[in-house]
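A short worksheet on the structure shown next.
The values are calculated or read from the model by the stated rules, or taken from the named source; none is laboratory data. From a predicted model like this one, the values you see are computed outputs, not experimental measurements. Quick reminder, even Gly has a Cβ in these numbers, built from the backbone with ideal geometry, and neighbours come from all protein chains shown. For accessibility, only protein heavy atoms count, side chains too; no ligands or nucleic acids. Shrake-Rupley method; radii C 1.70, N 1.55, O 1.52, S 1.80 Å.
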Amino acid sequence: MPETFLDSTELILNMGPQHPSTHGVLRVILKLDGEKVTGTDCVIGYLHRGVEKIGENRTYVMFAPYVDRMDYVAAVSNGLGYCLAIEKLLGVEAPPRAQAVRVILTELNRIASHLFWLGTHALDIGATTPVMYCLREREEVLKIFEAYCGARLTTHAFRIGGLQYETYDGFEQQCLAFCDAFPARVDDYEALLTGNRIWIDRLKGVGILNADDCKAYGVTGPMLRAAGVKWDIRKALPYSGYEKYDFEIPVGYNGDTYDRYIVRMQEMRQSARIVRQAVQSLPEGPIMAKVPKVIKPAPGEVYVSIEAPKGELGYYVVSDGTINPYRLRVRPPSFVNLQSLDKMAKGALIADVVAIIGTIDIVLGEVDR
Amino acid sequence: MRKFLRTIFLIDLFEGLRVTLRYQHPKNIYTEQYPAERPQVAERYRGAPRLNKNPDTNETLCISCDLCAIACPEALIVVTSIRNPETRRKELTEFTYDTSRCMFCGLCEDACPVDALELTQDFEFAQYSRDGLIWDRQMLEDGPRPTPYKA
Ligand code: SF4
Ligand code: SF4
């Protein structure tokens with residue numbers, strides 16, 4: 001640390017890596033002037049496993065389970081992005097039924113991810129009740145995952161070219177039952193939080209990041225939309241048949257923590273809408289495209305990005321014609337969004353830093369990879 | 001004005017409280033009392049591995065093709081076999097499966113051509129030491145024996 005970092009009036013406070021509200025193993029060095037934060041420094045890498053390097057040493061099929069372990073709260077989205085990237089590299093496309101099932105599961109996963117975010121974020125702020133309700137609904141989603149693909153968290157639900165598993169008996173009914181019950185549950189959370197004075201006082205005007213800052217930092221996902229930019233890859237560059245479904249992109253105005261909360265709540269409702277449409281129009285047919293047994297794409301490179309619950313999740317894959325990728329780079333949304341922490345936390349109070357870290361919705365497995 | 005009254009009388013807080021009170025009824029309890037109450041996991045659950053035997057002849061179904069070992073990203077399955085000189089077929093001698101490194105992705109199960117290797121619904125296989133997590137053929141065929149829970 002340079003000498004000038006220490007000033008007589010400045011206090012350096014270490015937050016994390018085992019602080020419960022840093023959502024894993026993020027270490028933040030706070031520079032304080034009294035209660036005020038004058039600067040932050042993030043130290044990451046405590047959860048680094050070298051996922052990208054592992055990718056270079058595994059075949060394309062073998063690497064699929066590893067991507068689940070980056071953003072483990074939204075493993076299905078990770079798997080979808082990876083499968084789409086390799087499918088583009090191979091020039092195949094998943095059959096319509098597989099695409100629809102993929103949409104159903106990724107949207108359910110978006111709901112699960114946002115629910116988990118809401119619960120922990122509220123817990124950080126000091127509202128202990130919502131987390132109980134959020135996890136109850138998340139459990140319903142995880143039960144669908146478990147029945148569909150046999151795992152709850154690191155699902156490995158999709159394969160390159162389609163799906164491994166056909167839907168189980170009662171899949172449609174279970175999804176529809178969830179969609180029926182879910183909006184009322186969101187109303188419950190909103191009754192608990194949206195109008196709550198403490199909640200509003202803690203969130204309104206905290207961690208403001210306007211649209212220009214968002215674009216400058218490359219921030220995507222709900223954070224960008226809360227700043228009023230209507231950008232959603234599902235609409236802008238539709239993949240996996242998203243153009244067939246009717247949904248809206250919720251946007252905020254102020255780009256503060258409260259708006260991000262509102263945007264995510266609306267997104268959950270929209271996701272439930274997409275799930276319902278996808279289930280009702282689930283086509284019959286094969287679930288696996290024709291994919292060679294040994295996947296050996298022609299030399300080339302692709303970049304595919306999808307709208308993960310946290311923002312734009314991109315996969316950049318370079319093939320040299322062998323069975324392993326030559327280079328596999330992941331653009332994780334949390335990592336990019338985390339950069340904006342310094343900008344948002346400057347001038348805030350220590351207690352707000354907790355709210356600001358929570359609102360970015362980081363998963364350290366994805367930040368460190 | 002309405003907003004002011006809502007603030008004064010803490011309407012929003014009471015609305016939140018109503019949600020909480022609504023879920024106080026015992027039928028709304030969602031917690032599973034594990035281990036006293038054992039959850040029923042899904043049929044496709046990927047849990048403890050098992051090496052299936054033919055129920056009639058009690059012979060292993062495995063044909064020692066080594067496909068599961070090749071499919072595994074973690075390379076944790078070791079299949080050893082000898083060729084029977086009379087029938088000219090490979091016979092399984094030893095099969096080790098290191099559950100401590102396994103991520104239960106199911107690729108080995110998908111690769112098996114005769115459904116010999118299967119990930120079952122068993123989910124309790126915690127051990128006191130790492131050595132206990134390396135399963136040999138006998139353990140794979142008989143399955144883990146968890147200590148029953150006494151209330
Ligand atoms: S489940 Fe996956 S990691 Fe475990 S042995 Fe099978 S292929 Fe290997
Ligand atoms: S793939 Fe199946 S049959 Fe082949 S070695 Fe493995 S368990 Fe035995």
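Quick notes
- Where a residue in segment A:230-249 is over 16 Å from A:Gln99 (Cβ atoms) and its partner, wherever it lies, is outside any loop (DSSP other than H, G, I, E, B) and aromatic (Phe, Trp, Tyr), with Cβ under 9 Å and at least six apart: A:Lys235/A:Tyr242
- Every pair of residues 6+ apart whose Cβ atoms lie under 7 Å, when the first sits in segment B:104-121 and is on the phi > 0 side of the Ramachandran plot while the second is within 8 Å of ligand 1 (Cβ to nearest atom) and open to solvent by less than 60 Å² (accessible area, probe 1.4 Å): B:Phe104/B:Arg46; B:Phe104/B:Leu119; B:Gly106/B:Arg46; B:Gly106/B:Leu119
- Taking the listed residues A:Cys149, A:Cys134, the one that is open to solvent by less than 10 Å² (accessible area, probe 1.4 Å), within 14 Å of another protein chain (Cβ to nearest Cβ), over 14 Å from the mean Cα position of the chain (by Cα) and closer than 30 Å to A:Ala355 by Cβ is A:Cys134, with no other qualifying.
- Check on A:Glu140, of a type in the set (D, E, K, R), open to solvent by 10 Å² or more (accessible area, probe 1.4 Å) and either facing another protein chain (nearest Cβ under 9 Å) or under 20 Å from A:Ile200 (Cα atoms) (or both): no
- Qualifying positions in segment A:183-207 - part of a loop (DSSP other than H, G, I, E, B) and either in contact with a strand residue (DSSP E or B) (Cβ under 9 Å, 6 or more places away or on another chain) or aliphatic (A, V, I, L, M) (or both): A:Val206
- Contact annotation: residue pairs with Cβ atoms under 9 Å, 6 or more positions apart or on different chains, pairing a residue in segment A:273-284 that is among the hydroxyl-bearing types (Ser, Thr, Tyr) with a partner that is outside any loop (DSSP other than H, G, I, E, B), are A:Ser281/A:Ala100; A:Ser281/A:Lys244.
- Taking segment B:41-151 and the helices (runs of 4 or more DSSP H) fully enclosed by it, the elements with 2 or more residues that are surrounded by fewer than 16 Cβ atoms within 10 Å (Cβ to Cβ) and either more than 12 Å from every other protein chain (Cβ to nearest Cβ) or near ligand 2 (Cβ under 9 Å from one of its atoms) (or both) are at B:137-142.
- Evaluation of A:Cys179 against the conditions (1) within 11 Å of chain B (Cβ to nearest Cβ); (2) within 21 Å of A:Ile274 (Cα to Cα); (3) in a helix (DSSP H, G or I) shows that the sole unmet condition is (1).
- Residue within segment B:7-30 that is out of contact with any Phe, Trp or Tyr (no Cβ under 7 Å at 6 or more places or on another chain) and within 16 Å of ligand 2 (Cβ to nearest atom) present: no
- Exactly one residue among A:Ile287, A:Ile233, A:Ile274, A:Ile249 is surrounded by fewer than 18 Cβ atoms within 10 Å (Cβ to Cβ), among the β-branched types (Val, Ile, Thr) and under 19 Å from A:Thr106 (Cβ atoms), and that residue is A:Ile249.
- Pairing each residue of segment B:45-57 that is in contact (Cβ under 8 Å) with a residue 40 or more places away in the chain and closer than 12 Å to B:Glu141 by Cα with any residue that is more than 15 Å from ligand 2 (Cβ to nearest atom) and of a type in the set (A, V, I, L, M, F, W, C), provided the two are 6+ apart or on different chains, yields C-beta distances under 8 Å for B:Ala48/B:Phe123; B:Ala48/B:Phe125.
- Conditions (1) under 27 Å from A:Thr106 (Cβ atoms); (2) surrounded by 17 or more Cβ atoms within 10 Å (Cβ to Cβ); (3) among the aliphatic types (A, V, I, L, M): number failed by A:Leu203: (1)
- Selection from segment A:108-130 of residues that are within 18 Å of the chain's Cα centre (by Cα) and open to solvent by 20 Å² or more (accessible area, probe 1.4 Å): A:Phe116, A:Thr120
- Residues of segment B:86-118 that are under 16 Å from B:Gly47 (Cα atoms), away from ligand 1 (no atom under 11 Å from the Cβ) and of a type in the set (A, V, I, L, M, F, W, C): B:Ala116 alone.
- Among the candidates A:Gly321, A:Gly311, residue that is buried (at least 17 other Cβ atoms within 10 Å of the Cβ) and at positive phi: A:Gly311
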